[in-house]
Structure formats: C-alpha cells, structure tokens
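Enquirer: The structure's right below; bear with me while I get my questions together.
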Amino acid sequence: MIHDPKNMTCEEFQAHMPELIGSGEDASAHPHVQNCALCRALLADLETIAEAARQLFPVEEPSDRVWDQIQSAIKQETGSTRS
C-alpha cells in the first residue's frame, strides 16, 4: 500500500519507481524525490544509464528502398495466394 507521496519511505518509492517512470511522468518532480537525496541520486543514475543505452543503440529509420521492398513482397504474396 502506497502512503502519502510526501511521506513515502525509500523502499516504497523505489518499488513504485518503475510504474512512475513507465507512465511517462516526470519522476524527478515526485514529492519523495524532492525531499530525498538518496532517491534523487538513484533516479539521476538511472537516467544516465538510460541515456547511455540510447546512445549505444540509436533508433534508425529504414530507407525508402526497404519500405518499397516490403510493399513489393506483400503484393507478390497477396497475388500468389489468389491462384
């Protein structure tokens, strides 16, 4: 059971942190983080790790040629199943 966010223990906050981060909320604005240097440092470390991971595996959009090949393959597959 989660108590008043201002009175959360570190254990309660850390158990709630994945849900908080996954929701897209600004976890650094959480009342517990505002008052707890330990959890503030933990959150900063996790943000640093996440940013480093994004740098290791940047998102790349496929080229138009790839999309054209996929579309062509789908058309060929659809055409061959109608026989």
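FYI, it's all coordinate maths here, none of it is from the lab. In this text the structure is predicted, and so the values were computed from the model without any measurement. So basically every Cβ, Gly included, is an ideal-geometry build from the backbone, and we count neighbours across all protein chains shown.
Enquirer: Enumerate the helices in the chain for which the Kyte-Doolittle hydropathy averages -0.5 or more and the C-alpha atoms extend at least 20 Å along the helix's axis, using complete DSSP H runs. Walk me through the numbers on the way to the answer.
Expert: Working: long enough: 37-56 (28 Å, 0.65); 64-80 (24 Å, -1.06).
The answer, listed by residue number, is 37-56.
Enquirer: At a 10 Å Cβ-Cβ cut-off, how would you order 56, 43, 38, fewest neighbours first? Kindly include the intermediate steps, with their values, before the conclusion.
Expert: Values: 56 7, 43 21, 38 11.
Ascending Cβ contact count within 10 Å gives the list 56, 38, 43.
Enquirer: Right, here's the next one. State the label only: which of (1) 66, 31, 30; (2) 68, 30, 16; (3) 35, 24, 20 corresponds to Cα extents along the principal axes in Å computed from the shown model?
Expert: Label (2) holds the value from this structure.
Enquirer: Which loop-located GluC sites (Glu not before Pro) does the range 1-67 contain, where loop means any DSSP state but H, G, I, E or B and the Cβ has at most 11 other Cβ atoms within 10 Å?
Expert: Values: sites: 11, 12, 19, 25, 47, 51, 60; in loops: 25, 60.
In loop regions of the range 1-67 (DSSP not H, G, I, E or B), the sparsely surrounded GluC sites (Glu not before Pro) are 25, 60.
Enquirer: Rank 40, 54, 65 by mean-square fluctuation in a GNM of the chain with C-alpha springs under 10 angstrom and give only the top-ranked residue.
Expert: Looking only at 40, 54, 65, the largest GNM fluctuation is found for 65.
Enquirer: Also, I was wondering about something else. In debye, nearest 20, what is the charge dipole magnitude of the chain about its Cα centre with +1 on Lys and Arg Cβ and -1 on Asp and Glu Cβ, if you could check? Before the final figure, lay out each step's value.
Expert: Working: 6 positive and 14 negative charges, 59 e Å.
My answer is approximately 280 debye.
Enquirer: Report the one residue of 70, 7, 56 whose Cα lies farthest in the direction of the positive end of the charge dipole of the chain (charges on C-beta: Lys and Arg +1, Asp and Glu -1; origin at the Cα centre).
Expert: Toward the positive end, the furthest listed residue is 70.
Enquirer: Under the 0.36 nm per residue contour assumption, what length would be gained going from the current alpha-carbon distance of residue 70 and residue 44 to full extension?
Expert: Once the chain is fully extended between residue 70 and residue 44, it gains 5.2 nm.
Enquirer: Measuring from label point to label point, each 7 Å out along Cα→Cβ, what is the residue 51 to residue 34 span in nm?
Expert: 2.3
Enquirer: At 222 nm, what helix-only mean residue ellipticity would the chain give, in deg cm²/dmol to the nearest 500, using -39500 (n - 2.57) for each DSSP H run of four or more?
Expert: On the way: 4 runs with 55 residues, N = 83.
That comes out to -21500 deg cm²/dmol.
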